[in-house]
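Engineer: Here's a structure for you.
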Amino acid sequence: MKYASAALFGLFLTFAFTPANASNGKGIPGDADLRFAQLETLLPTAGTTRTASGAPGAQYWQQRADYRIKVTLDEKRHRLVASQSITYMNRSPDSLSYVWLQLDQNIFKDDSIARRSEVAANSGTRRDSVGKGDSLSFAAMRRHQAFQDRKYGFEIGSVRDASGRTLSTTVNDTMMRIDLPQPLRPGTSIEIRFDWESNIVNEAAIGARGGYEYFEETNTYQYFLAQWFPRLVAYTDYAGWQHKQFLGRGEFTLEFGDYDIELTVPADHIVASTGELQNADAILTTTQRERLKRAATAKSPVFIVTPEEAKANEKEGTDRTRTWRFKAQNVRDFAWASSRKYIWDAMGYRQNDAARPFVMAMSFYPNEGEPIWSKYSTHAVIHTMEVYSRFSFPYPYPVAISVNSWERGGMEYPMITFNGYRPTADEKTGKLTYSRNTKYGLIGVIIHEVGHIYFPMIVNSDERQWTWMDEGLNTFLEYMAELEWEEKFPAFGDKTNVLDAITTYMQSSDQVPIMTNSESIVQFGPNAYSKPAAALSVLREVVMGRELFDHAFREYANRWKFKRPTPADFFRTMEDASGVDLDWFWRGWFYGTDHVDVAVGDIREYQVSSQDPDVEFPLKRSEFARDWPDSHSQKLNKAEGRTPRLERYPELKDFYNENDAFVVTNKDRNEYREFLEKLKPWEKATFERAVKAGEHVYFVDFRNVGGLVTPLPLTLNYVDGSREDYLVPAEVWRYNAIEVTKLFIRDKRIASIELDRNHLIADADKSNNVSPRRIAQSRIELFRARDAGRNQMLDALAELKTQGKSGDAAKTEEKALPLAPAQP
Ligand SMILES: [Zn+2]
């Protein structure tokens with residue numbers, strides 16, 4: 001659907017910017033002045049914590065939270081049992097009389113805001129939404145039953161400070177306030193201790209970012225634990241305590257800190273985790289440690305646990321436990337996975353960074369993920385670091401991990417990612433196959449989730465508020481990395497180009513601007529992922545160029561690594577570091593919902609007139625004859641054999657019958673001479689040169705149908721077969737955002753002009769991109785009229801399929817027999 005009329009986007013602007021002159025008809029066409037207005041009116045006031053240049057200011061601060069957790073995975077009861085301590089450092093200038101914890105597992109409680117505010121359409125698992133109209137999926141019913149069978153959410157014991165004093169607490173949905181005995185002054189810290197337990201959700205049944213997965217055929221499990229422990233709520237300079245409850249989609253706003261975590265799991269489990277394993281000597285076998293050593297310098301991934309070893313391991317089971325201890329520095333979260341099913345492979349990655357030259361890339365997956373996981377996963381992890389580091393900064397952590405945890409999709413945590421996609425085993429033959437979508441989905445999701453270790457795990461944007469700041473930037477870089485993986489990577493469905501993939505969304509009606517809070521976004525994927533990725537692609541390849549864009553983007557990443565940027569910091573840094581005013585771009589792409597569609601309109605061609613009547617009048621005569629042919633009736637009269645009176649009476653002829661209007665007179669010649677004499681020397685020189693060169697002058701009309709102001713990458717196709725690319729900057733629309741006319745003067749004749757030949761600007765309707773228009777060519781298939789509807793009499797005559805005849809119908813029962821037709 002299109003909404004191209006000027007009235008409609010006038011309405012939108014009134015709504016979005018409430019300008020004084022938008023609705024009274026006195027403004028500039030298309031409110032061009034507002035589209036190019038500076039963003040200061042919309043951005044928060046800059047200051048000493050965040051500067052007007054988009055950098056952290058001299059007074060910038062952020063809080064810090066260090067964690068110590070001892071947790072036991074109770075496999076029999078699918079339950080975590082833990083004792084935890086948090087040391088919270090108040091680096092803000094404020095005294096805090098309470099601190100808040102995030103209790104994300106409480107989202108699964110029966111009375112959570114998230115569950116009570118679900119609408120029918122999304123009450124299935126998050127991968128199983130149903131369309132419009134009433135419908136109920138098996139998955140939605142299974143989820144309902146899973147919630148009936150067990151209770152979820154944190155069960156937290158008494159909360160104490162370091163001296164053992166009990167602190168008073170108040171739980172509010174997915175958050176808990178801990179009241180402090182005395183305010184926590186700036187520059188001081190407090191230690192909080194408590195024990196907790198929680199049931200682990202069956203992820204496939206309930207839909208979550210973590211949980212357990214049950215493998216029916218082998219009666220085995222894997223656990224992938226995310227948002228599994230109470231975490232400190234962020235306290236920021238721009239929002240105070242983050243107070244948006246966890247509703248499921250808006251992800252996390254977290255503080256950096258150090259983690260010391262002891263994971264007690266069944267003794268035959270392999271654990272993948274954020275951080276570095278502290279007790280490898282006690283946990284890993286000699287063989288495993290030797291293999292890890294070999295993997296560090298290997299040219300391809302090395303198995304630490306082979307597929308055969310994993311298969312053997314998953315067959316048994318044990319009541320014994322082992323404790324894996326991990327430490328992680330300067331991370332904003334901690335996640336882990338544990339199973340006796342895991343194959344484990346690893347390959348070292350050397351980077352050009354003195355602080356962190358070596359990173360171990362690792363993958364953990366069950367045999368069900370083979371053969372594609374050992375082939376692609378660890379390579380994809382390293383490929384991500386190679387590309388992302390070039391766009392931002394060297395990977396700062398010791399490990400980068402990909403775990404195969406569910407069917408499809410993925411989720412990111414510091415140093416560790418949970419990723420989907422597995423091959424399919426044929427039910428009868430067991431033969432393994434995988435689709436194109438599975439293969440590229442797997443590579444794509446690993447790049448995406450490992451990419452998130454940069455954004456937002458390091459460039460710590462506020463995911464609970466702004467999904468685009470991590471998903472959008474990350475999808476853009478994922479796209480860049482996919483293009484570097486292989487030439488025709490189907491990065492967006494069947495399309496390789498994000499700009500071709502985004503046009504349908506950008507023309508759709510249910511749209512909100514990219515600058516919308518995470519929980520209020522409609523059309524989540526295109527809005528927060530692909531559209532910002534498309535915007536950054538236009539920015540890099542068209543508006544700014546690679547040199548300016550890459551410098552500014554790297555500047556943003558480095559200014560804000562291990563810090564907390566807001567949208568304004570991104571917008572401002574990209575302008576500040578490149579010297580390009582992009583306010584119009586942010587307004588159009590991030591604050592608006594218009595789409596890109598520019599029509600190339602009329603082209604009018606001229607040559608400069610010599611004004612010499614002896615040259616020009618004959619030309620005018622032939623132009624007149626071409627444009628205004630004699631009356632058609634006259635031709636028919638002639639055909640009928642009518643002779644005009646003038647021919648029958650030649651004496652009626654006079655001067656005007658001998659001379660047409662284009663016969664030159666001496667007066668005409670005198671005027672021409674006077675015109676030449678009055679020209680100033682520079683005018684005469686210009687005139688003579690232009691006439692002599694015979695240059696071709698073109699006036700080309702453009703109409704902004706979609707409303708989003710855009711640069712115009714044009715291709716001028718010449719009559720002689722040559723071609724010229726010409727980029728018109730978006731500022732061409734600053735006086736009139738709807739219609740502009742461009743002037744081209746060329747010494748060659750233009751045959752046609754084409755807009756966006758290389759698909760650079762997400763122009764939605766390509767049919768109006770060439771002038772003169774081309775005939776659209778395609779193939780068309782003949783179709784047959786459909787058969788008539790149900791013939792009950794005929795259907796009743798069908799024989800009942802019995803067991804053995806057809807696998808699918810084998811369970812048909814006698815009582816399902818159709819009634820016999822009435823006997824005559
Ligand atoms: Zn993502």
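The values are calculated or read from the model by the stated rules, or taken from the named source; none is laboratory data. Source: prediction; values computed, not measured. All Cβ positions, glycine included, derive from the backbone under ideal geometry; neighbour counts span all protein chains shown. With ligands, DNA and RNA removed, areas are computed over all heavy atoms of the protein, side chains included. Shrake-Rupley method; radii C 1.70, N 1.55, O 1.52, S 1.80 Å.
Engineer: Say R0 is 60 Å: what FRET efficiency, to the nearest 0.05, do Arg408 and Gln607 get from their beta-carbon distance? Mind dumping the intermediate values first?
Structural biologist: On the way: r = 62 Å, r/R0 = 1.03.
For Arg408 and Gln607, the calculated efficiency is 0.45.
Engineer: Report, in order of residue number, the helices in the chain meeting two criteria: a C-alpha extent of 15 Å or more along the helix axis, and a mean Kyte-Doolittle hydropathy of at least 1.6; treat each whole DSSP H run as one helix. Walk me through the numbers on the way to the answer.
Structural biologist: Numbers: long enough: 6-17 (16 Å, 2.24); 138-149 (16 Å, -0.82); 286-296 (16 Å, -1.67); 372-391 (28 Å, -0.09); 436-452 (24 Å, 0.04); 473-483 (16 Å, 0.49); 546-560 (21 Å, -1.33); 613-627 (20 Å, -1.03); 666-678 (18 Å, -2.50); 681-693 (18 Å, -0.78).
Passing helices, by number: 6-17.
Engineer: How much accessible area per residue does the range 593-673 have, counting only protein heavy atoms and a probe of 1.4 Å, in square angstrom?
Structural biologist: Details: 6350 Å² over 81 residues.
Dividing the accessible area of the range 593-673 by its residue count gives 78 Å².
Engineer: Taking R0 as 25 Å, what FRET efficiency do you get between Thr321 and Asp258 from their Cβ-Cβ distance, rounded to the nearest 0.05? List each step's numbers first, then the result.
Structural biologist: On the way: r = 25 Å, r/R0 = 1.01.
With R0 = 25 Å, the Cβ-Cβ based efficiency is 0.50.
Engineer: Let me ask something else. Checking the cross-link filter: which lysines have an alpha carbon closer than 23 Å to that of Lys692, excluding same-chain neighbours under 8 positions apart?
Structural biologist: Of all the lysines, those that pass the test against Lys692 - Cα under 23 Å, at least 8 places apart if same chain - are Lys620, Lys678, Lys680, Lys684, Lys748.
Engineer: Right, next: Length gain on complete extension for the stretch Gln329 to Lys311, per 0.36 nm per residue less the alpha carbon to alpha carbon distance? Before the final figure, lay out the partial values.
Structural biologist: Values: separation 18, 0.36 × 18 = 6.48 nm, distance 3.39 nm.
Stretched fully, the Gln329-Lys311 segment lengthens by 3.1 nm.
Engineer: Once you wrap a convex hull around the alpha carbon atoms of the range 706-753, what is its projected area averaged over all directions, in nm²? Could you put the intermediate results ahead of the total?
Structural biologist: Numbers: hull surface 14.8 nm².
Directional mean of the projected Cα hull area for the range 706-753 stands at 3.7 nm².
Engineer: Need the full-extension length gain, Glu799 to Phe624, defined as separation in residues times 0.36 nm minus the C-alpha distance. One decimal, nm. List each step's numbers first, then the result.
Structural biologist: Details: separation 175, 0.36 × 175 = 63.00 nm, distance 8.20 nm.
Extra length available between Glu799 and Phe624 comes to 54.8 nm.
Engineer: To the nearest 20 Debye, how big is the dipole of the chain about its Cα centre, given +1 on the beta carbon of each Lys and Arg and -1 on that of each Asp and Glu? List each step's numbers first, then the result.
Structural biologist: Values: 104 positive and 114 negative charges, 183 e Å.
I would put it at about 880 debye.
Engineer: Between the range 588-641 and the range 737-767, what's the alpha-carbon centroid distance in Å?
Structural biologist: Here the answer is 20 Å between Cα centres.
Engineer: What distance in nm separates the two pseudo spin-label positions at Ser631 and Glu658, each 7 Å out from Cα along the beta-carbon direction?
Structural biologist: Once both label points are built, they end up 2.7 nm from each other.
Engineer: What spacing in nm lies between the two simple spin-label points modelled at Met515 and Glu484, each 7 Å away from Cα in the Cβ direction?
Structural biologist: Modelled inter-label distance: 3.1 nm.
Engineer: Run a plain Debye calculation on the range 200-257 (Cα atoms as equal point scatterers, no solvent) and give log10 I(q)/I(0) at q = 0.15 Å⁻¹, rounded to two decimals, same order as the q list.
Structural biologist: Rounded to two decimals, the profile gives -0.59.
Engineer: What is the Cα centroid distance between the range 69-120 and the range 296-331, reported in whole angstrom?
Structural biologist: Cα centroid of the range 69-120 versus Cα centroid of the range 296-331: 28 Å apart.
Engineer: Two decimals is fine: what is log10 I(q)/I(0) at q = 0.17 Å⁻¹ for the range 588-705, from a Debye sum with one equal scatterer on every Cα and no solvent?
Structural biologist: After summing over all Cα pairs, the log10 values are -1.04.
Engineer: Out of the total accessible area of the range 185-283 (probe 1.4 Å, heavy atoms of protein only), what percent is carbon and sulfur?
Structural biologist: Numbers: 1260 of 3120 Å².
Using a 1.4 Å probe with all protein chains present, the range 185-283 comes out at 40 percent carbon and sulfur.
Engineer: Related question: Measuring with a 1.4 Å probe in the full set of protein chains, what accessible area per residue, in whole Å², belongs to the range 195-268?
Structural biologist: On the way: 2020 Å² over 74 residues.
Roughly 27 Å² per residue, with all protein chains present.
Engineer: How much accessible area per residue does the range 271-354 have, in Å², with a 1.4 Å probe? Kindly include the intermediate steps, with their values, before the conclusion.
Structural biologist: Numbers: 4190 Å² over 84 residues.
For the range 271-354, the per-residue accessible area is 50 Å².
Engineer: On each of the three principal axes of the Cα atoms of the chain, give max minus min coordinate, whole Å, ordered largest first.
Structural biologist: Computed over the Cα atoms, the extents are 128, 96, 55 Å.
Engineer: Using alpha carbons only, what's the Rg to Rh ratio of the range 477-560 with Rh from Kirkwood? Walk me through the numbers on the way to the answer.
Structural biologist: Details: Rg = 14.0 Å, Rh = 14.1 Å.
My calculation puts Rg/Rh at 0.99.
Engineer: Please give the residues of the range 685-726, grouped as numeric ranges, whose backbone N is less than 12 Å from a label point set 7 Å along the Cα-to-Cβ vector of Val615.
Structural biologist: Flagged as within label range: 687-695.
Engineer: What is the chain's relative contact order, in percent, from Cα pairs under 8 angstrom and six or more apart in sequence? Let's see the in-between values first.
Structural biologist: Numbers: 1547 pairs, mean separation 89.2, N = 824.
Relative contact order comes out at 11 percent.
Engineer: Here is a further query. Label Asn768 and Arg723 with points 7 Å out from Cα along Cα→Cβ: what is the distance between them in nm?
Structural biologist: 2.4
Engineer: For Ala296 and Ala690 in one chain, what is 0.36 nm times their gap in residues minus the Cα-Cα distance, to one decimal in nm? Each step should come with its number before you reach the end.
Structural biologist: On the way: separation 394, 0.36 × 394 = 141.84 nm, distance 7.05 nm.
Going from the current span to full extension adds 134.8 nm.
Engineer: Another question about this same structure. Given a Förster distance of 35 angstrom, what is the FRET efficiency for Arg77 paired with Glu276, based on the Cβ-Cβ distance and rounded to 0.05?
Structural biologist: Values: r = 30 Å, r/R0 = 0.85.
Here the calculated transfer efficiency is 0.75.
Engineer: Going by average Cβ density within 10 Å per residue, which order do the peptides 333-346, 542-555 take, highest to lowest? Write down the numbers at each step before the final one.
Structural biologist: Details: 333-346: 25.1, 542-555: 17.8.
The peptides rank, most packed first, as 333-346, 542-555.
Engineer: Leaving out ligands, DNA and RNA, and with a 1.4 Å probe, what % of the accessible surface on the range 413-557 is carbon or sulfur?
Structural biologist: Values: 2260 of 4930 Å².
Summing carbon and sulfur atoms, their accessible area is 46 percent of the total for the range 413-557.
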